[in-house]
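Quick notes on the structure that follows.
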Amino acid sequence: MIKRLNVLAALSASGLFTTFSNAFALEGKSIDWQMGMQPAGSPVMERIREFHGLLLTIEVLIVLFVLVIMAIIVIRFNAKANPVPSKFTHNTVLEIIWTAAPILILVVIAVPSLKLLYYSDRTQEAEMTLKVTGHQWYWSYQYPDHGGFEFDSNLVPKEDLKKGQPRLLTVDNRVVLPVGTTIRVLLTSNDVIHNWAIPSFGIKLDTVPGRINETWVKINEPGTYYGMCSELCGVNHGFMPIQVEAVSKEAFEAWTEKAKKEFAKSEEVPLRVAQTAPVGR
């Protein structure tokens, strides 16, 4: 029944809006004059879009039903057409209908909603882990399964942007992840509550100091996906973008080998300073 309702949703106005957005959204980000959600980049987002279609279909049907009832009342039961109105106080069948119908509608909504919540929350057989830490005001990323290297990801200022790079979404160090891989994402913060949100993945989860929240993602196709902090975390809240580069598994393995060397250099600096300090005395 849900699939049939989703077919109806595709024929509704929402379907036109989604088609319009998909025709122009070539990257995992919003575009000018976009109507509808971003294209799905993960299985979770695919289910979210389906659930959205179901909800919109139910809403449209309810609105049309109410409009039809109001039109009938205005036309058939106005003072001119019905000068002597009938008088009654109870109608058992009608009372059962208007009590049972909302309950059935809520059940139709609740069942797929809870299934989607459970599906998006539970990580099954993760193949790798990404740890995300929020700071005021940038992100840090760690790859525990690939040597534990870590790097910071900061916003690229407007004056340093290259042609084609979106403003307020481009970062200096992208998160690189493999496609077709179940990735456990651990989220925390070292100062205040932030929120790691990527619409194309269907992820929007708080990073809380002293606590680790967990979600997962499995990216469908290679590409660049964008997000940003979605929690009011301070004066520079609007300058915490997220940029994920999804690549093939082979390209990811090659990148990790390079990243281990690149991001290990900064970790060795304090050690060398400590060793050479006595010589200068």
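Any read-out appearing in this document is the output of simple, stated calculations on the displayed coordinates, not a laboratory observation. Because the structure is predicted, anything quoted here is derived from the model rather than measured. Glycine gets a Cβ as well: all are built from the backbone with ideal geometry, and neighbour counts include every protein chain shown.
Here is how the numbers come out for the structure above:
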item	result
Backbone HN-Hα couplings from phi across region 145-157 [Karplus 6.51/-1.76/1.60, Hz, Gly and Pro as x]	8, 10, x, x, 5, 9, 8, 9, 10, 10, 5, 8, x
Region 128-267 shape via C-alpha gyration tensor axes, a/c threshold 1.5	rounded
Flagged links, alpha-carbon separation over 26 Å, of LYS115/LYS218; LYS163/LYS218; LYS162/LYS258; LYS204/LYS260	LYS163/LYS218; LYS204/LYS260
Efficiency of FRET from Cβ geometry, THR99 and GLU214, R₀ 30 Å, rounded to 0.05	0.15
Simple spin-label estimate for TYR118 and ASN82 in nanometres, 7 Å along Cα-Cβ	4.6
THR188, THR207, THR133 arranged by Cβ crowding within 10 Å, fewest neighbours leading	THR188, THR133, THR207
Cα gyration tensor category, rounded, prolate or oblate, for region 73-174 with a/c compared to 1.5	oblate
Fewest-first ranking of VAL175, VAL74, VAL217, using other Cβ atoms within 10 Å as the exposure measure	VAL74, VAL175, VAL217
Residues of region 46-83 with amide N under 20 Å of a point placed 7 Å along Cα→Cβ from VAL111	47-62
Loop trypsin sites (Lys or Arg not before Pro), region 53-136 (other Cβ atoms within 10 Å of the site Cβ: 14 or fewer; DSSP)	LYS80, LYS87, ARG122
Rough spin-label spacing in nm, given labels placed 7 Å along Cα→Cβ, for VAL66 and GLN165	4.8
Reach of LYS158 by Cα under 19 Å, taken over aspartates and glutamates that are not fewer than 8 positions away in the same chain	ASP32, ASP172
Environment charge of ASP172, counting only residues whose C-beta is closer than 11 Å and scoring Lys/Arg +1, Asp/Glu -1	-1
Residue order, fewest to most beta carbons within 10 Å, for LYS162, LYS29	LYS162, LYS29
FRET efficiency, MET128 to ASP191 (Cβ-Cβ, R0 41 Å, nearest 0.05)	0.95
